[in-house]
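Worksheet: one structure, shown below.
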Amino acid sequence: MVFPKVKILSVLLIFLLAVILRFLYYPQNTYFGFDQARDAFAVREILNGNLKIVGPPTATGIFHHGVLYYYIFAPFYLFSGGDPVAVSLFLRALNAAGIFLLFLIVNPMFGAVAAYLAMFLFAVSFEQTQFSLFLNHPSLAVISVLIFYLGLSYWIFKKRMWGFFVSLFGLGLSIQFEFVETQLVAVFALFFLFFRKSTKFRVTDVLTGLLVFLVPISSFIISEIRHDFIIAKQIPDLIFNSSGGSGFVTSSLPKFLFFINRHFHDNLVANDFVIPFVAILFLIIAIKLLMGRIYIKQTIFLSLWFFGGLLAYFFTDNDAYFYNTGTSIGLLVFASFLLSKLFSKSKLLTACILFLIFASNLSLITKYNPFGPNEKINPQKGLLLKDEERVIDFIYQRAGGSDFAINALTMPYNVNTTWSYLFEWYGKGRYGYVPIWGGDGAAGFPGSLQVENARSKLPSKRFLIVEPLEGIPSYLVDGFIKNEEIYATAIEKKRIGTMQVWVQEAK
C-alpha cells in the first residue's frame, strides 16, 4: 500500500489538480439552505453540551441519518465562529484526497498505470466536484464508500483478511453518513457470494467483522434501544403498505437508463449523442472479458460496484443525485483500465482521450459550479451564502440601526431556520442585534428569532425576502404574496443573486 517513489510528483500534481477544480469559485459558491442551517444549529447545540445520538430524518420520515457528521463538522464551526465556509473548505479538501484511496483500490486490481489514470479521472470528475460542494453528510459518504471498496479490493485481489474487516467498517460508515447506502449491504452480500471461496473464514473472523461493522452504526442501535425500537416496529408497515416516493416501487427501464446516462455525462462525456455509443462499447467489452475469462474477477468486481450502486433507484421514484454516492467511481475505474490498455499501444491517443474527458468535465464545472450544487442535490438553485450575506447587509443598511421586522418566502414553507441562523450568526455578529420575525414560523424547527404574528406590534421598518421558488407550489407563493400585500406596500424591490428583498411600508 505504498506509492512508487518515482511517481510521487505525478500523484501530487493530480492531487493539486483535484484541489484546484474543487476550490474554483470558493468561497463564493458555498451553498447554505435549510439543511445546512438545520445542521449548523445541531452542531451549535452539541458545542453547548447538548450531545446528540440521532441525525436528521430521511425522506421517508421514518428513518434517520447518522449523527457522526455533526461531530465531524463541529470543530470547523467552533474555530470559525460559526462560518459555514470553513466546513465547505474541509469537504472540498477531503473529496480531493479521495484520489489516494482510489489509487490503493485500483493498484491491486489493474496495476499502477490504471491506478494513476483512475486518480486523474476522479480528480477532474464534474460529479465529484459537485459532491465536494455539497455541505451535508452525503459528501462524507464518498470517502466511506471508497473505504468499503478499498477493503474489498485487498481482500479479493491480495488475499488480505484485514481487507474484509475494512470493507465492513466502510459499509457501516457509509450507512452512518448516508442511510440510503444500506443498499451496500446487498452489494456486500453479492461480493461474499462470488468471492467467499478465496478465503477460509474462522469463527473469530466472522465475529470481528460483525464488531467492526457495528461500531460505526452504534448510534442507530443506541437510539433504537433508548426509544423502544420505535423504527424497527415500523419497518413491516413500510414494506407492505407504502407506495409512491416513500415506499417500494419499481423503477422503469427508461428511468434506470437515465441514471446510467447521467453517470457517463457527469464523469466522462457530456454529450448525449455520444453517450449511448460509449456505454454500449463499455458493455460489449465487459461481456467479452467475462466470456473470455480475462480479468473476470475485476470485471465482476466493477459490475457489482456500478450496478449495485444503482439498487436504490429500483425502490424509489426519487432521482436525487446523492442516492448514487460513489457509484460512478466504479465506472471511472473501468475506464482507467481500458485507457491503461490503450496507453501500452498508443500514448498519444490515450493523451487525446484524457484531454477530451478533462475538457468535457471542465465545461460542466465552469457552467454549473459557480452556482453551487445542482438542483438534484439542492432543489433551490443558487441559494449561496455570499448572496445571503449581501441580502442581510442590504437590510441592515436600509434599517439604519433601527429595529426592524423580517419575513421570508422560504422552502420549506414558513420555516425560518435558514434566516434565523444567518441573522443570529452573521447579522448579530456584524451589526449587534437581530430582527423580529414578522410572519408565520412553523413550530418545531431550529431558530431563535422572536416570532410576532400580530402585524400591529411589528416595528415600522419591515422587509421581505423571497427565496428561489423551486420546490414551492405556485398556490402557496400566490397566497403568501397576497397576504403580505394586505398589510404592507413594497416601496423598493432589489434582486440579489437568485433572491429578492422587498423594503416594505406598513399600511
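The values are calculated or read from the model by the stated rules, or taken from the named source; none is laboratory data. Remember, predicted model here, so these are calculated numbers, not experimental data. Here the Cβ positions follow ideal geometry from the backbone for every residue, glycine too, while neighbour counts run over all protein chains shown.
Here's the yes/no breakdown for (1) at pLDDT below 95; (2) among the basic types (Lys, Arg); (3) closer than 30 Å to residue 340 by Cα:
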{"residue": "356", "(1), (2), (3)": "no, no, yes"}
{"residue": "419", "(1), (2), (3)": "no, no, no"}
{"residue": "428", "(1), (2), (3)": "no, yes, no"}
{"residue": "458", "(1), (2), (3)": "yes, no, no"}
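Residues that are at pLDDT below 90 and farther than 20 Å from residue 405 by Cβ within segment 470-490 comprise 470, 471, 472, listed in sequence order. Every listed requirement among (1) within 26 Å of the chain's Cα centre (by Cα); (2) at pLDDT below 90; (3) more than 27 Å from residue 330 (Cβ to Cβ) is met by residue 218 save one, (2). Just to be sure before I move on: is residue 494 in contact with a helix residue (DSSP H, G or I) (Cβ under 8 Å, 6 or more places away or on another chain) and surrounded by fewer than 20 Cβ atoms within 10 Å (Cβ to Cβ) in the structure I sent? Yes: the conditions hold for residue 494.
Of the helices (runs of 4 or more DSSP H) lying entirely inside segment 32-130, the ones with 3 or more residues being of a type outside the set (Phe, Trp, Tyr) and under 24 Å from residue 222 (Cα atoms) are found at 34-47, 68-80. Restricting attention to segment 401-440 and to residues that are among the acidic types (Asp, Glu) and surrounded by fewer than 17 Cβ atoms within 10 Å (Cβ to Cβ), the residue that is nearest to residue 382 (Cα to Cα) turns out to be 440.
Please tell me if residue 21 is out of contact with any Asp or Glu (no Cβ under 9 Å at 6 or more places or on another chain), aliphatic (A, V, I, L, M) and surrounded by 19 or more Cβ atoms within 10 Å (Cβ to Cβ). Considered against the rule, which asks whether it is out of contact with any Asp or Glu (no Cβ under 9 Å at 6 or more places or on another chain), aliphatic (A, V, I, L, M) and surrounded by 19 or more Cβ atoms within 10 Å (Cβ to Cβ), residue 21 comes out as yes. In segment 497-507, the residue that is surrounded by the fewest Cβ atoms within 10 Å (Cβ to Cβ) out of those that are out of contact with any Ser or Thr (no Cβ under 9 Å at 6 or more places or on another chain) and either in contact (Cβ under 8 Å) with a residue 40 or more places away in the chain or farther than 30 Å from residue 30 by Cα (or both) is 497. Residues that are at pLDDT below 95 and polar (S, T, N, Q) do not occur anywhere in segment 22-31. Take the conditions (1) of a type in the set (Ser, Thr, Tyr); (2) more than 33 Å from the chain's Cα centre (by Cα); (3) not in a helix (DSSP H, G or I); residue 413 misses just one of them, which is (2). I'd like to know if segment 314-334 contains one or more residues that are surrounded by fewer than 20 Cβ atoms within 10 Å (Cβ to Cβ), part of a helix (DSSP H, G or I) and among the aliphatic types (A, V, I, L, M). Scanning segment 314-334 turns up no residue that is surrounded by fewer than 20 Cβ atoms within 10 Å (Cβ to Cβ), part of a helix (DSSP H, G or I) and among the aliphatic types (A, V, I, L, M). Out of 294, 260, I need the residue that is surrounded by fewer than 14 Cβ atoms within 10 Å (Cβ to Cβ), hydrophobic (A, V, I, L, M, F, W, C) and at pLDDT below 95. Which one? Just a single option satisfies the conditions, and that option is 294.
Given the condition touching a Gly at 6+ places or on another chain (Cβ under 8 Å), in contact (Cβ under 8 Å) with a residue 60 or more places away in the chain, of a type outside the set (Lys, Arg) and crowded, with 19+ Cβ neighbours inside 10 Å, answer yes or no: does some residue in segment 358-368 qualify? Scanning segment 358-368 turns up no residue that is touching a Gly at 6+ places or on another chain (Cβ under 8 Å), in contact (Cβ under 8 Å) with a residue 60 or more places away in the chain, of a type outside the set (Lys, Arg) and crowded, with 19+ Cβ neighbours inside 10 Å. Taking segment 155-200 as the range and being under 30 Å from residue 56 (Cβ atoms) and either free of Cβ contacts under 8 Å to residues at least 12 places away in the same chain or of a type in the set (S, T, N, Q) (or both) as the test, the residues that pass are 167, 174, 176, 182, 183, 189.
Select from segment 452-491 the residues that are among the β-branched types (Val, Ile, Thr), assigned to a strand (DSSP E or B) and surrounded by fewer than 19 Cβ atoms within 10 Å (Cβ to Cβ) and list them in ascending order.
In the first step, residues of segment 452-491 are kept if they are among the β-branched types (Val, Ile, Thr); the result is 465-466, 472, 477, 481, 486, 489, 491.
Of the ones still in play, those that are also assigned to a strand (DSSP E or B) are 465-466, 489, 491.
If the condition is that a residue be among the β-branched types (Val, Ile, Thr), assigned to a strand (DSSP E or B) and surrounded by fewer than 19 Cβ atoms within 10 Å (Cβ to Cβ), then 489, 491 are the ones that fit.
Residues being over 28 Å from residue 184 (Cβ atoms) and among the basic types (Lys, Arg) are represented in segment 332-344 by at least one member. Contact map, segment 398-420: residues that are over 25 Å from residue 475 (Cβ atoms) and touching a residue at least 24 places away in the same chain (Cβ under 8 Å) paired with residues that are outside any loop (DSSP other than H, G, I, E, B) and among the acidic types (Asp, Glu), Cβ distance under 9 Å, separation 6+ or inter-chain. Pairs shown: 398/492.
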